[in-house]
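The values are calculated or read from the model by the stated rules, or taken from the named source; none is laboratory data. All figures in this text were calculated on a predicted structure; none of them were measured in a lab. We place every Cβ from the backbone using ideal geometry, glycine too, and count neighbours over all the protein chains shown.
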Amino acid sequence: MILNNLKMIGEDKPVNIRIADGKITDVSTTTISVAQKALNLKFEQALVFPGIINSHDHLDFNLFPKLGNQTYPSYKAWGNDIHTRNKEEIADILKIPFLLRVSWGLYKNLLCGVTTVVNHGDRLYMDNELITIFENTHCLHSVQFEKYWQIKLNDPLKVKLPAVIHIGEGQDWPSHREIERLIRWNIFRKKLIGVHAVAMTEKQAKKFKAVVWCPQSNYFLLNKTSRVDLLKNHTRILFGTDSTLTGNWNFWAHLTTARKTRLLSDKLLYDSLNRNAVNTWKLNCGKIGTGKDADIVIAKVKEGKATFDSFFGIGPSDLLMVIHNGNVRLFDEIMLPQLETLNLNDFSRVYLNNSCKYVQGDLPSLMDRIKEYQPKINFPVSAISPN
């Protein structure tokens with residue numbers, strides 16, 4: 001597969017990219033020779049960037065609406081509140097089979113150009129081609145909700161795995177204190193990846209390999225977010241969405257929230273989606289470069305400008321193509337004439353606002369099956385054209 005005439009952020013000349021056997025094999029500003037029968041795709045006014053790495057999601061929680069009706073002092077107060085006020089609503093969603101909920105979580109990410117998602121929870125062990133589910137971690141929920149977390153943290157069989165844990169998700173004293181407790185109980189000095197870290201200080205950040213910033217979730221629960229402008233000096237900053245329990249389904253809406261805070265420069269925010277995540281999770285993607293896994297997103301941009309303004313102005317409707325492991329997983333209808341050799345039986349057609357997307361798998365059938373359990377669920381995409 002050859003991708004022609006694409007713009008990269010910060011580069012003046014358009015590039016051409018060759019993909020073979022799931023890897024990027026060439027990136028050049030000159031013409032790349034095309035093998036017989038290979039896809040040779042041409043783009044106009046299009047920006048190319050590495051597939052997004054969502055470093056924190058709960059894949060099985062993305063059919064929930066936002067739950068919570070006040071500003072909470074901490075995640076513990078929020079959790080206790082929704083399990084009291086929204087008990088029936090939570091039970092109704094949990095009636096939907098687990099596999100169906102996870103499958104929608106994967107599509108939620110794919111529709112936004114996410115090609116790798118770090119799932120927080122028990123290992124899924126599911127057979128999936130759409131995007132990469134990264135689970136090579138030691139997952140703990142939190143200090144206040146995970147029973148026997150001290151023993152689990154120091155499990156000698158998991159000492160080499162990074163411990164990923166919700167930590168400091170609050171603005172009260174217990175939220176700050178639990179960070180100190182976690183650091184103190186990390187007997188084997190495991191690599192700690194803290195999620196949220198709203199109450200974290202710079203001194204505490206030095207004890208963490210990385211912090212996953214989820215600003216939209218933080219503002220919804222706490223009306224406050226992590227001081228990543230300070231923490232970045234002591235640890236890596238990654239980016240995550242959490243689930244629709246506390247945020248929008250649309251990954252790009254989360255980036256808009258993050259950018260408005262001005263806590264990170266555009267470059268550092270961009271790095272949180274790729275370079276920082278790659279270095280933390282030890283992945284072979286996150287860069288448009290020779291030898292890297294071919295996880296690539298191509299999107300329409302206004303006036304064809306390859307700037308951070310162009311990148312952060314993208315939404316799901318603007319995606320022209322999402323490539324994962326060298327395979328096309330999603331493409332816009334306008335690409336159809338160039339994809340005649342693709343087996344369209346492997347794709348389903350859905351509508352997002354006024355754009356038509358082809359996605360791998362039978363997404364309309366998945367939505368129908370989910371609605372058999374909960375007819376009131378509203379999906380952001382439809383199998384029926386708005387026109």
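Annotations for the structure displayed:
- Region 1-49, residues that are not in a loop (DSSP other than H, G, I, E, B) and not hydrophobic (A, V, I, L, M, F, W, C): Asn4, Asn5, Lys7, Asn16, Arg18, Lys23, Thr25, Asp26, Ser28, Asn40, Lys42
- Qualifying residue in region 192-204 (condition: more than 21 Å from Gly240 (Cα to Cα) and either in contact (Cβ under 8 Å) with a residue 24 or more places away in the chain or surrounded by fewer than 18 Cβ atoms within 10 Å (Cβ to Cβ) (or both)): yes
- Test: residue in region 236-251 that is in contact with a helix residue (DSSP H, G or I) (Cβ under 8 Å, 6 or more places away or on another chain) and farther than 28 Å from Leu106 by Cα: no
Condition check ((1) under 20 Å from Gly10 (Cα atoms); (2) assigned to a helix (DSSP H, G or I)) across all residues:
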site	(1), (2)
Arg189	no, no
Gly194	no, no
Gln204	no, yes
Asn218	no, yes
Ser226	no, no
Leu230	no, yes
Leu273	yes, no
Cys285	yes, no
Gly289	yes, no
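- Only residues that are farther than 30 Å from Tyr125 by Cα and acidic (Asp, Glu) were counted in region 18-76, giving 2.
- Among the residues of region 291-311, those that are under 14 Å from Leu3 (Cβ atoms) and in a strand (DSSP E or B) comprise Ile296, Val297, Ile298, Ala299.
- Search result, residues across region 331-387 that are more than 22 Å from Asp295 (Cα to Cα), in contact with a helix residue (DSSP H, G or I) (Cβ under 9 Å, 6 or more places away or on another chain) and among the aromatic types (Phe, Trp, Tyr): Tyr373, Phe379
- Per this entry, Lys305 is counted among residues that are more than 21 Å from Leu106 (Cα to Cα), in the same structural domain as Gln45 (by TED's automatic domain parsing) and more than 22 Å from the chain's Cα centre (by Cα).
- Test: residue in region 233-251 that is buried (at least 21 other Cβ atoms within 10 Å of the Cβ), closer than 17 Å to Leu153 by Cβ, within 17 Å of the chain's Cα centre (by Cα) and in the same structural domain as Ile90 (by TED's automatic domain parsing): no
- Residue-level check: of (1) without any contact (Cβ under 8 Å) to a residue 40 or more places away in the chain; (2) outside the structural domain of Phe134 (by TED's automatic domain parsing), Lys292 misses just (1).
- Within region 264-285, if we keep just the residues that are closer than 14 Å to Val211 by Cα and aliphatic (A, V, I, L, M), the residue that is surrounded by the fewest Cβ atoms within 10 Å (Cβ to Cβ) turns out to be Leu268.
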